[in-house]
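The values are calculated or read from the model by the stated rules, or taken from the named source; none is laboratory data. Just so it is clear, the structure is predicted and the values come from calculations on it, not from any experiment. Using ideal geometry, Cβ is built from the backbone for each residue, glycine included, and neighbour counts are taken over all protein chains shown.
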Amino acid sequence: MPYRLLNRLKRWEKSFFFPVIVVFVLVTFTPPVCSGENPDKKGEWEFQVAPYMWALSLDGDITVKGQKSDLDVDFSDIWDQLNIAGMLAFEGRKGNWGFFGDAIYADLGDETKVDGIRIDPDIELMMITLGGFYRLGTWDASNAPGGKAPTVTVDALVGGRYTYLDIELDIKGPFGKLDPQGDQDWFDPFVGIRTIWDFSERWSLSLDGGVGGFGVGSDFAWHACGVIGYRFSLFGKNNARVVAGYRALSMDYTNGRGNKKFEWDVTMHGPIIGLVIQF
């Protein structure tokens, strides 16, 4: 590849390619983990699904093919590159035992030109999160007399997160056409704790956090999330909640070395909003 074209592509990588990768490498906050439900239907199975949106920003460092770049990407940059995304979270529980999951597919990329060179990226992400939890118990959070006291419920969490990222670039310029591509995938186990604070029949607060990676995929990963929920009736009595809050997810993953090195050391954070439906 001629030297001038190579320099142009390097400039483009810094202004477009790296932020695009950052947007969707790990764009999940596992809503069932962050927004669990407390009521128990006397030993019957309970299920919930949760469509959601995370207005995330990203801070950290990423290395692709040995080239390192600092990241400082806000939500508006991410939104401009989005083509299509599908996200569905779910949770089930019977008694003290339960399971949760999250499936995500995303596609992004917007044609751009750098010094007369047309670059048309196509970036796809598939992420699957699965895990289980055990309800340690529910306790009164206040001894105030009269009325129903607020309660706090504590769940122990364990699970794993698989991420697959595929990148294809269609580059056309005065020197012909190039079609480089590559993919990355990894699996991260994690453990954590979730607390659910029920203040009234309508209002609740869910807080959770955990750590993962442990060298299996990422060297280290952590997450923290807090959402406030308002319960209302949707085709049933008090069977839905609107949730809103803030989420942070950080991972440090490395693969390869030299000019084949890929490194992801990034913290994703931002406000979240979703709808949780119980049945």
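For residues that are touching a strand residue (DSSP E or B) at 6+ places or on another chain (Cβ under 7 Å) and of a type in the set (A, V, I, L, M), scanning just the stretch 71-94, find the one that is modelled with the highest pLDDT.
Applying the filter and picking the extreme gives ALA89.
Given the condition closer than 20 Å to ASP70 by Cα, assigned to a strand (DSSP E or B) and touching a helix residue (DSSP H, G or I) at 6+ places or on another chain (Cβ under 9 Å), answer yes or no: does some residue in the stretch 214-221 qualify?
No, the conditions are met nowhere in the stretch 214-221.
State whether one or more residues within the stretch 256-268 are under 14 Å from the mean Cα position of the chain (by Cα) and farther than 17 Å from SER69 by Cβ.
No - not one qualifying residue is present in the stretch 256-268.
Filter the stretch 121-170 down to residues that are modelled with pLDDT under 70 and assigned to a strand (DSSP E or B), then give me how many there are.
So the count comes out to 7.
Would you check which residues across the stretch 171-202 are surrounded by 12 or more Cβ atoms within 10 Å (Cβ to Cβ), at pLDDT below 60 and either among the basic types (Lys, Arg) or touching a helix residue (DSSP H, G or I) at 6+ places or on another chain (Cβ under 7 Å) (or both) and list them?
Selection gives PHE175 alone.
Condition first: at negative phi and at pLDDT 85 or above. Now tell me which residues in the stretch 252-266 satisfy that.
The answer is ASP252, TYR253, THR254, ASN255, ARG257, ASP265.
Counting only residues that are outside any strand (DSSP E or B) and among the polar types (S, T, N, Q), which one in the stretch 224-259 is farthest from MET53 (Cα to Cα)?
Here the answer is ASN259.
Regarding ASN239, is this residue at pLDDT below 90, over 19 Å from the mean Cα position of the chain (by Cα) and within 27 Å of GLY192 (Cα to Cα)?
For ASN239, the condition - at pLDDT below 90, over 19 Å from the mean Cα position of the chain (by Cα) and within 27 Å of GLY192 (Cα to Cα) - is met.
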